[in-house]
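A short write-up of the structure that comes next.
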Amino acid sequence: MVHKVQGVVALTKGAPVTLETILVPDPGPGEALVDIITSGVCHTDLHYKLGGISDDFPFLLGHEATGVVNAVGPDVTEVAPGDRVILNWRAVCGKCRACKRGQAQYCFNTHNATQKMTLEDGTELTPALGIGAFAEKTLVAAGQCTKVDPEADPAAVGLLGCGVMAGLGAAINTGGVKRGDSVAVIGCGGVGSAAIAGAALAGATTIIAVDIDQKKLDRAATMGATDTVNSSAADPIEAIRALTGGFGADVVIDAVGRPETYTQAFYARDLAGTVVLVGVPSPEMTLELPLLDVFGRGGSLKSSWYGDCLPSRDFPMLVSLYRQGRLDLDAFVTERIGIGQIEEAFDKMREGSVLRSVVEL
Ligand SMILES: NC(=O)c1ccc[n+]([C@@H]2O[C@H](COP(=O)([O-])OP(=O)(O)OC[C@H]3O[C@@H](n4cnc5c(N)ncnc54)[C@H](O)[C@@H]3O)[C@@H](O)[C@H]2O)c1
Ligand SMILES: [Zn+2]
Ligand SMILES: [Zn+2]
């Protein structure tokens, strides 16, 4: 059976997104059909619409979602109809060289549903990050579904499906932040704010928020930052060093992903400290650093794909911390909107007036 539902589609590069009727097939082997409950509006959706990720238009947008499994393919055992799930965009294969050496968070062969969702005329859709959750139903690989506590607010926990997990994981997984560490986070949007929350969760005692937008810094101060630096007014390297005894932070997280913010992160870190790049650069960007400084400053320079998360390990754990009041995911939900309000949500994202707009389906 094919399901006819409404979905938010970017038809051509840069054009406003439109609500289209889309056709979603029943799940085949390894697949799950999911009724979407909520889906957050992430910067990556805007990147897709603007053609910054690929040219495979039309895109079915949305990828930070909570849903209920509607049906599963014949061989699927990990989830069942009725399960409340958070969708993830890195379903691991279990067979590649990363998986084989026990580092499935790096899986080099993640996968999505095999069957295609289409427009009514048969045009194949490219679902954003292999999900496509601004739709009443979507088709994913079963491994993209992680069962979680159905009592948790879907709008809040669904954000673990992308930006909030990326930020939390950049601190607690990739950065390995420990009790007593000093941490600086450059860029305090959804991802950076989550990195701040992650650093707080891990027990960092100094957490420095850096942004060029004072509104973001004011909010960061309510999410665990102990100090704030407005880098449009002050040199962030000097400011971070001054706040860490003149040395620099143990872990610096670049949640912007530009050559200048990466360079700031590189020099604002203590000797033998860690830089984590979680912001995603665009293809034309290049980085120039004195190689002697790369050697002389030691430590590690790491990238964080999806917060190096393992959804099956991290989502239930973080939902549990949320339910216990130890991780404030509600703070990330700025507004709840309808499926027809994605363009307004993009405008608010550009203005910087929201952390997350969450679509309720
Ligand atoms: N690594 C991953 O797996 C992953 C996952 C999701 C998102 N991301 C990426 O993370 C980045 C941040 O996403 P977001 O949703 O938080 O975006 P956002 O737009 O909500 O936040 C970006 C923040 O950076 C600030 N900023 C911009 N330029 C700056 C500069 N030069 N110095 C300091 N601050 C600056 C902005 O004021 C804003 O607060 C994006 O590049 C996004 O694509 C990565
Ligand atoms: Zn793998
Ligand atoms: Zn995202």
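Any read-out appearing in this document is the output of simple, stated calculations on the displayed coordinates, not a laboratory observation. All values reported here derive from a predicted model rather than from experimental measurement. Here the Cβ positions follow ideal geometry from the backbone for every residue, glycine too, while neighbour counts run over all protein chains shown.
Rounded to two decimals, the Cα radius of gyration of the stretch 64-220 over 2.2 N^0.38 Å is 1.20.
Applying 1/(1 + (r/R0)^6) with R0 = 22 Å to the Cβ-Cβ distance of residue 303 and residue 13 gives a FRET efficiency near 0.20.
When DSSP beta bridges are restricted to pairs lying wholly in the chain, around 60% turn out antiparallel. For the stretch 28-104, the Cβ-based charge dipole about the Cα centre amounts to some 480 debye (Lys, Arg positive; Asp, Glu negative; other atoms uncharged). Comparing 138, 77, 263 in a Gaussian network model of the chain (Cα springs below 10 Å), the most mobile by mean-square fluctuation is 77. Taking every C-alpha pair closer than 8 Å and separated by at least 6 residues, the mean separation divided by the residue count of the stretch 102-191 gives a relative contact order of 19 percent. Expressed in Å, the radius of gyration and Dmax of the Cα atoms of the stretch 111-202 are 16.9, 58. Here the Gaussian network model covers the chain, with springs between Cα atoms less than 10 Å apart; of 56, 270, 308, 56 fluctuates the most. All C-alpha pair distances within the chain, sorted into 20 Å bins from zero, spread as 31, 57, 12, 0 percent across the bins.
Evaluated at q = 0.17, 0.18, 0.22 Å⁻¹, the base-10 log of the normalised Debye intensity for the stretch 266-346, with identical point scatterers placed on the Cα atoms, takes the values -0.99, -1.01, -1.09. The charge dipole of the stretch 246-361, taken about its Cα centre with unit charges on the Cβ atoms of Lys, Arg (+1), Asp and Glu (-1) only, comes to about 380 debye. If r is the Cβ-Cβ distance from residue 124 to residue 1 and R0 is 22 Å, what FRET efficiency results, to the nearest 0.05? It comes to 0.75. Pairs of Cα atoms in the stretch 172-222 fall into 5 Å distance bins, from 0 up to the last occupied one, in shares of 5, 25, 34, 22, 11, 3 percent. The ranking of 147, 49, 95 by Cβ neighbour count inside 10 Å, starting from the fewest, reads 95, 147, 49.
With the convex hull of the Cα atoms taken as the outline of the stretch 238-299, the averaged projected area works out to 4.1 nm². Semi-axis lengths, largest first, of the ellipsoid equivalent to the stretch 168-275 are 17, 16, 13 Å, with √(5λ) applied to each eigenvalue of the Cα gyration tensor.
What the Kirkwood sum gives for the stretch 155-199 is a hydrodynamic radius of 10.3 Å, with every pair of different alpha carbons counted. Ordering 164, 257, 310 by the projection of their Cα atoms onto the charge dipole of the chain, which places +1 on the Cβ of Lys and Arg and -1 on the Cβ of Asp and Glu, puts 310 at the extreme positive end. Of the chymotrypsin sites (Phe, Trp or Tyr not before Pro) found in the stretch 81-177, those in coil by DSSP whose Cβ has at most 16 other Cβ atoms within 10 Å are 108. Max-minus-min Cα coordinates of the stretch 1-98 on each principal axis give 40, 38, 21 Å, with the largest extent listed first.
Note on the chain: dipole from Cβ charges, positive end direction compared against 273, 82, 190; the farthest Cα belongs to 273. The GNM of the chain, with springs linking C-alpha atoms under 10 angstrom apart, assigns the highest mean-square fluctuation among 46, 139, 243 to 243. The ranking of 93, 162, 107, 42 by Cβ neighbour count inside 10 Å, starting from the fewest, reads 93, 107, 42, 162. Think of each Lys and Arg Cβ as +1 and each Asp and Glu Cβ as -1; about the Cα centre, that makes the dipole of the chain roughly 1000 debye. Taking a straight Cα-Cα cut-off under 20 Å and skipping sequence neighbours fewer than 8 places away in the same chain, the lysines within cross-link reach of residue 147 are 137.
Dividing the Cα radius of gyration of the stretch 202-247 by its Kirkwood radius returns 0.97 for Rg/Rh. Dividing the convex hull volume of the alpha carbon atoms of the stretch 227-361 by its residue count gives 171 Å³ per residue.
With one equal scatterer per alpha carbon and no solvent term, the Debye-computed log10 I(q)/I(0) for the stretch 46-119 at 0.13 1/Å reads -0.57.
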